[in-house]
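For reference, the structure is listed below as structure tokens.
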Amino acid sequence: MKLDQQYSGNVFILSSEDYAASKAVIYGMPMDFTVSFRPGSRFGPPRIREVSIGLEEYSPYLDRSLEDITYFDAGDLLLPFGNAARSLDIIGEYVRGVLADDKLPVGLGGEHLVSWPIFREVHAKYPDLAIIHFDAHADLREQYEGEPLSHSTPLRKAAELMGGSNIYQFGIRSGSREEWQYARENINFYPFEVLEPLKQVLPQLAGRPVYLTIDIDVLDPSCAPGTGTAEAGGITSKELLDAVHAIARSDVRVVGCDLVEVAPAYDPTEQTQIVAAKVIREMLLGFIK
Ligand code: MN
Ligand code: MN
């Protein structure tokens with residue numbers, strides 16, 4: 001007999017085994033093939049699941065419990081090491097199925113390039129999509145060392161697909177001069193800060209479908225050292241949770257979300273994956289209506 005998986009750490013805490021009844025699908029994308037500095041985010045998804053069993057089911061912020069909602073943990077996609085293009089195709093195909101089943105895709109990275117095929121699929125389903133992006137980096141490069149498939153390019157690809165006026169970036173504090181110029185001219189760009197500008201923007205997005213993509217390095221390295229390109233000067237974990245709650249309480253319609261760039265090997269304290277697991281819990285509780 002198979003033992004109960006819900007508190008095993010093999011799945012995100014309290015995941016249902018009933019796909020059909022689930023409103024959201026958690027899926028891992030263990031890819032770190034194009035990172036510009038330290039690899040290791042391919043090991044993010046399983047560690048986030050393992051530490052999730054340390055969470056309470058109840059969120060006092062939202063007065064809601066994981067027992068009140070139904071979500072499925074699909075495990076990790078099987079991605080061919082070193083082949084970014086084919087990995088992105090596999091991710092896109094999987095997310096297309098989740099969207100066709102009218103479930104909320106909740107992605108675990110992996111490096112940030114994994115979000116690009118998701119943006120494409122979510123935009124195909126919701127042509128009036130807006131993207132909210134929390135990150136230390138703008139990820140707006142056209143290419144990195146000549147390579148357009150890089151973890152520094154996914155938001156540029158999204159801007160070219162759906163128009164920079166539909167992209168809202170917060171917390172950015174690093175990048176090339178060209179990237180910042182592009183951001184200032186083409187994107188709704190709110191560098192350095194997250195919560196205050198987000199509160200200003202959310203009313204403008206009322207009623208619209210929104211995809212939220214969170215790069216864990218938006219956090220200060222003191223909150224989340226376990227990431228490939230840690231960048232000093234970031235926000236606290238409290239501010240990140242406040243921002244997720246502001247979106248959950250707003251009138252936007254969240255149609256998908258992801259959390260990427262957790263690289264557990266750089267954080268022996270495990271705080272990075274512990275904060276990531278809590279953010280995932282709050283996204284599930286806040287975004288599953
Ligand atoms: Mn990023
Ligand atoms: Mn980043």
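For region 221-232, putting each phi into the Karplus relation 6.51 cos²θ - 1.76 cosθ + 1.60 with θ = phi - 60° gives couplings of x, 5, 9, 8, x, x, 7, x, 10, 4, 9, 4 Hz, in residue order, rounded to whole numbers and with x for Gly and Pro.
Specify whether the C-alpha gyration tensor of the chain places it in the rounded, prolate or oblate class, a ≥ b ≥ c being the square roots of the eigenvalues: rounded for a/c under 1.5, otherwise prolate if a/b is larger than b/c and oblate if not. It is rounded, given that a/c, with a ≥ b ≥ c, falls under 1.5. Near the amide H of SER65, within less than 5 Å, lie the amide hydrogens of SER59, all on another chain or at least 5 residues away, with H placed in the peptide plane. Taking amide H atoms as placed 1.01 Å from N in the peptide plane, the amide H of GLY75 lies under 5 Å from those of GLY28, each 5 or more residues away in sequence or on another chain. Considering only C-alpha atoms, what is the centroid distance from region 18-86 to region 235-253, in Å? Each part reduced to its Cα centre gives a spacing of 19 Å.
Evaluating 6.51 cos²θ - 1.76 cosθ + 1.60 at θ = phi - 60° for every residue in region 112-125, the Karplus couplings come out as 6, 4, 4, 6, 4, x, 5, 3, 4, 5, 5, 5, 5, 7 Hz, glycine and proline recorded as x. Summary of packing: across the peptides 28-35, 181-188, 150-157, the per-residue average of other C-beta atoms within 10 Å ranks them, highest first, as 150-157, 28-35, 181-188. For VAL254, the residues whose amide H sits under 5 Å from its own are VAL210, ignoring neighbours fewer than 5 places away on the same chain, with H placed 1.01 Å from N.
With contacts taken as Cα pairs under 8 Å at a separation of at least 6 residues, the chain carries a relative contact order of 22 percent. Taking the fewest neighbouring Cβ atoms within 10 Å as the starting point, the ordered list for ASP102, ASP76, ASP139 is ASP102, ASP76, ASP139. Taking K and R as +1 and D and E as -1, what net charge do the other residues with C-beta under 10 Å from the C-beta of PRO221 add up to? Counting the neighbours of PRO221, the net charge comes to -4. State whether region 136-225 is rounded, prolate or oblate according to the following rule on the C-alpha gyration tensor (a ≥ b ≥ c being the square roots of its eigenvalues): a/c under 1.5 gives rounded; otherwise a/b larger than b/c gives prolate, and the remaining case gives oblate. Oblate.
For region 64-72, backbone phi angles converted through the Karplus equation (6.51, -1.76, 1.60; θ = phi - 60°) give residue-by-residue couplings of 9, 10, 4, 5, 8, 10, 10, 9, 10 Hz, Gly and Pro being listed as x.
No value in this document is a laboratory result; all are computed from the given coordinates. Keep in mind that what you see is a predicted model, and the values were worked out from it rather than measured. Cβ atoms come from the backbone with ideal geometry, glycine included; neighbour counts cover every protein chain shown.
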